[in-house]
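To start, the structure under review is shown below, and the notes come after it.
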Amino acid sequence: MLDKRYDHKQVEEGRYDKWLKEGYFSMHDLTKTPFSLVIPPPNITGKLHLGHAWNTTLQDIIARYKKMKGYDVLWLPGMDHAGIATQARVMAELRKQGIDTKNLTREQFLKYAWEHKDTFTKTIHEQWKMMGLALDYSHERFTLDEGLSKAVNEVFVRYYNEGLIYKDKRIINWDPVQMTALSNIEVIHKDEEGDFFYFAYPIVGSEDKLIIATTRPETMFADVAIVVNPKDERYKKYIGMKAINPANDEPLIIIADDYVDKDFGTGVMKCTPAHDPNDFLIGQKYHLPMPECMNKDATMNELAKGYVGLDRYVCRAKLVEAIKNKGLLVKIEKIVHAVGHSERSDTVVEPMLSSQWFVKMKPLAKKALEMSKSKEHVEFIPARFEQVFIRWMENLEDWCISRQLWWGHQIPAYYHKVSGELLVSSTPPKDIENYERDKDVLDTWFSSALWPFATLNWLEDSKDYQRYFPTDVLVTAYDIIFFWVSRMIMQSLSLTDKIPFKRVLIHGLVRDEHGKKMSKSAGNGVDPIEVIDKYGVDALRYFLTTISTPGQDIRYSEEKIVASSNYLNKIWNATRYVLTSLEDIKLDGLNIDENLLTSIDSLIILRFNKTLKEVEDAMERYDFNMASTHLYNFVYDDFCSSYLEASKTILRKGEEKVKINTAKVLLKMVTNIIKMIYPYTPFIAETLYLSLPSHLASINLETYPEEISMKLDKNLIKEANLIYSSIFAIRSFKAEQKLRPHDALNLEIAAKFDVSPYASLILKDLLHLGEINVLNEDKLDPSGKNFIFSEAKINLIVKQDDEEITTEINKQLETIEKEILRSKKMLDNPSFLAKAPKALIEKEKEKLAANLSIKEQLVSKLPK
RNA sequence: GGAUACUUAGCUCAGUUGGGAGAGCGUUUCCUUCACACGGAAGAGGUCGUAGGUUCGAUCCCUAUAGUAUCCACCA
């Protein structure tokens, strides 16, 4: 017997362990059609946040739904080693423990890192368990596991041999805190107010000075030239001359290049090839020297005479002061400009000249762009995100993939100790003692890009790979389309010649109540574990996945979690009622007899079929908001408010076999509701399911409800509609007239179809009426209050004076007149008749006729 | 500087091929009736940002415009 209240703790307790033990999520029926998806592997660094909860629940709903629909579902779990993030975190932990990280060897560090990995794996498993995810743990992977590492090495070597991977010295984004190179997309540009320094450069052999502005004076030690536009009349005469760098009094050659914009700033630019990407290009073009003035930790090196060892900003301040003292500081302007920050450490990124490994993106992007135009393309949901993806592809620069870290896939490149010869190989050279391996590791996203196929053992051309690849859907937030989605598509196309997934479901981010992005630093994060503890994971899951439109952000709202929980309580109690009712009824099986259906049975079946279709259509589009809305309306309005209440009369007063039949319909409805809510809220669904009189070992083994195909009598449907509209009309009337709900008024019914005795019984119970008579229309008591429907009229015997009657009828006439006017306006319009769909015209004509008839009857009821 | 999304009831948001505006919360009145007071019944509340256009008909399509948010962008 179910408790009176839905208690989420009781419902969730021990369930998941049982499911895992039974292996419900790892059983694969190879005779079924495969359906696969891979989890976006969470970093082994942090706690689960609401974004994870949302992302994984969406996938869980898909996995559970598809399984119910008869697919062999593989939902593959796994985690990401998250190079920079994890290394930073482990280092911080070690420092906290008082361990000297500066003298740590690579091997020592890796030992700690793997311990950390084990700890966090447990944490993440615990979190997945709390969310109730239908993951197949027998297929779990880790980006640094043996198989994936092998795949990464293989891909690196393959790309290198094809010329897609190369090593080069160029300007990259350098994170001076993490001490590693970054790719372009790991740099976050923030608009910041900064100083724009205008310095005077005295020209050698002239009294003139050139004014040059810069935001980074500390790089001036590495200046090698001054550049002007060749067409700029102001400066033409100085080309080929020299000017004195106010930072170090060194002469700089003045050259000309079209790159310089005459109208920007003073029209004169200084060239610092080793510390600026554009200057680097100019430096290359004119074969300029490329000195560096900074160390890897963004302190100044020996080139910055007098400032050696100082931090870049300290140097900047002192240098500006020194130039000012020389009288060469012209002015300082405040400007707002985009400053690049490291995604992980949030420090200002320093463009630096460095030797790194790169992936040539153009050929990869080309394939991806061709794919997007072909038939076998990745479908983005919502579609607009495909444009985001394409635009990015079209403007790709080469991807810097080497990182100066320890935690990650070490680059399979070897340098000969004597000759310096470079050897790239997935296996170490035989005479390894003569070689030194490249110390760098690969960008985490390089391995993540292989995730959908490498996890299925693509290299070995395994059975899993053949069966489950390409995967069916990928679910992810829009913020990693560039980082991850697009790279998976590119790598997959180039390596497997297939798209990695057929569809991508893009969701948004979870924001706080005020619409702000949740973050640790802002302290506005909501811990899902607390929400789960308070309201249950089902309420959280329902909230996350049913209030949003695809691709749109959601706002966290405790109110809505409460609303979700109340909805679950509603279903809980409806089930409880049905089960209680069944206790007194002896069911002879579960099959519904279509010949014994009452009007309300017929209507609920009709409405169920409609709802099922709507829900399935929405589920197919992954529109969980619409799917749940349809189901919600069915549960509340059609089932609980209407059918369940009306069926009480049948259960109490119905003929034995009719009563049994209605009980079966009730049970069928409740069973189907439980099954349909299951993908969203599996815990409560399982609990309710197991309390049903007939069930399998677990709802996880169930199939999705199917349409109830029965012949439904049209008159019965009409009768049910009459019952419900009568209830509504009379309740409104009583409330408006300030009549007490229990006033036992009498009622007369006149209909153009047969009305069964059950109709009267139901109305009597639900409206607390006195006597009810079904009569011919001409026999109706003329003094009653009429409610006119299109094919029926009911007459409530109530005393009203003429004034009351007139007021009320006029009120009704007013609304009816509006409707009639609207219909007439449409139907009198020849263009409408000529161009509108015929069905619509017919519908409108019918409406008009019905309303005219009602109007006529209302007018006739007006007191003379 | 480009691009996208959003603007609908007091608040937070739905609204699927253009054909009578919806939900949750809040709010008013009534009901502790035998599934549920985490409830039930009946209401109130919106010129669908603004201005044009297309159409027989626009919350929906097009253009412009205002505000908000996000993403992209090497201009010193």
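Taken together, the values in this text are just the output of simple stated rules run on the coordinates, not laboratory data. In this text, all values refer to a predicted model and were calculated from it rather than measured experimentally. Cβ atoms come from the backbone with ideal geometry, glycine included; neighbour counts cover every protein chain shown.
Brief remarks on what is shown
- C-alpha center-to-center spacing [segment A:630-647, segment A:246-276] in angstrom: 76
- Extreme residue, positive dipole direction of chain A, given options A:248, A:672, A:358 (C-beta unit charges): A:672
- In this entry, segment A:386-533 is assigned a mean projected area of 14.1 nm², taken as a quarter of its C-alpha convex hull surface.
- Average 1/r across all pairs of distinct alpha carbons in segment A:1-63, invert it, and you get the Kirkwood radius: 15.1 Å.
- Charges were assigned to the Cβ only: +1 to each Lys and Arg, -1 to each Asp and Glu. The resulting dipole of segment A:560-660 about its Cα centre is roughly 380 debye.
- Least to most buried among A:687, A:31 (fewest other Cβ within 10 Å first): A:31, A:687
- Kirkwood hydrodynamic radius of segment A:543-664, Cα pairs, Å: 16.2
- Value of Rg/Rh across segment A:515-570 [Cα atoms, Kirkwood radius]: 0.99
- Pairs exceeding 26 Å between alpha-carbon atoms, taken from A:463/A:502; A:711/A:752; A:209/A:305; A:516/A:570: A:516/A:570.
- With the largest listed first and rounded to whole Å, the semi-axes of the equivalent ellipsoid of chain A from the Cα gyration tensor are 71, 35, 24.
- Take every Cα pair under 8 Å whose residues are at least 6 apart in sequence, average their separation, divide by the length of segment A:566-689, and the relative contact order is 36 percent.
- Only aspartates and glutamates eight or more places from residue A:439 in sequence, or on another chain, were considered; those with a Cα closer than 16 Å are A:107, A:168, A:421.
- Segment residue A:833..residue A:534, full-extension length gain: 101.8 nm, with 0.36 nm per residue of separation and the alpha-carbon distance subtracted.
- Remark: the Cα gyration tensor places segment A:31-172 in the oblate category, a/c being 1.5 or greater and a/b not exceeding b/c.
- MRE, 222 nm, helices only [DSSP H, n ≥ 4, -39500 (n - 2.57), over chain A, to nearest 500]: -13500 deg cm²/dmol
- Computed from label points 7 Å out along Cα-Cβ, the spacing between residue A:779 and residue A:297 is 10.3 nm.
- About the Cα centre, charge dipole magnitude for segment A:136-227 (Lys/Arg +1, Asp/Glu -1 at Cβ), debye: 400
- Distance between the C-alpha centres of segment A:455-497 and segment A:395-435: 25 Å, rounded to the whole angstrom.
- Put a dot 7 Å past the Cα of residue A:801, heading toward its Cβ, do the same for residue A:701, and the two dots end up 7.2 nm apart.
- The relative contact order of segment A:209-322, computed from alpha carbon pairs under 8 Å that lie at least 6 residues apart in sequence, is 28 percent.
- Residues A:312, A:437, A:106, A:64, ranked from the fewest to the most other C-beta atoms within 10 Å, line up as A:106, A:437, A:312, A:64.
- DSSP beta bridges confined to chain A are antiparallel in about 70 percent of cases.
- Leading residue at positive end of dipole, segment A:373-479 (Cβ point charges), from A:426, A:412, A:450: A:450
- Considering segment A:114-220, its Cα convex hull presents a mean projected area of 14.1 nm².
- Evaluated with a Cβ-only charge set (Lys, Arg +1; Asp, Glu -1), chain A carries a dipole of roughly 640 debye about its Cα centre, given to the nearest 20.
- Using only alpha carbons, segment A:42-115 has a radius of gyration to Kirkwood radius ratio (Rg to Rh) of 1.21.
- Percent of Cα-Cα distances greater than 23 Å, calculated over segment A:722-864: 42
- Ranked by the mean number of other Cβ atoms within 10 Å per residue, highest first, peptides A:362-372, A:4-14 order as A:362-372, A:4-14.
- Calculated P(r) tail over 19 Å for segment A:478-563, as whole % of Cα pairs: 53
- Ranked A:275, A:139, criterion: other C-beta atoms within 10 Å, fewest first: A:139, A:275
- Subset of A:534/A:560; A:9/A:675; A:9/A:69; A:190/A:334; A:66/A:375; A:586/A:653 violating a 18 Å alpha-carbon distance limit: A:9/A:675; A:9/A:69; A:66/A:375
- Positive end of the dipole of chain A (Cβ unit charges, origin at the Cα centre): among A:849, A:278, A:34, the Cα lying farthest that way belongs to A:849.
- Pairwise Cα inverse-distance average, inverted: Kirkwood Rh of segment A:604-672 (Å): 12.8
- Nitroxide proxy distance, nm - points 7 Å out along Cα→Cβ at residue A:95 and residue A:339: 2.1
- Using C-alpha pairs below 8 Å separated by at least 6 residues, the relative contact order for chain A is 12 percent.
- Segment A:280-329 versus segment A:206-228: alpha-carbon centroid distance in Å: 11
- DSSP H segments from chain A that extend 24 Å or more along their own axis, Cα-based, with Kyte-Doolittle mean of 0.5 or above: A:656-677
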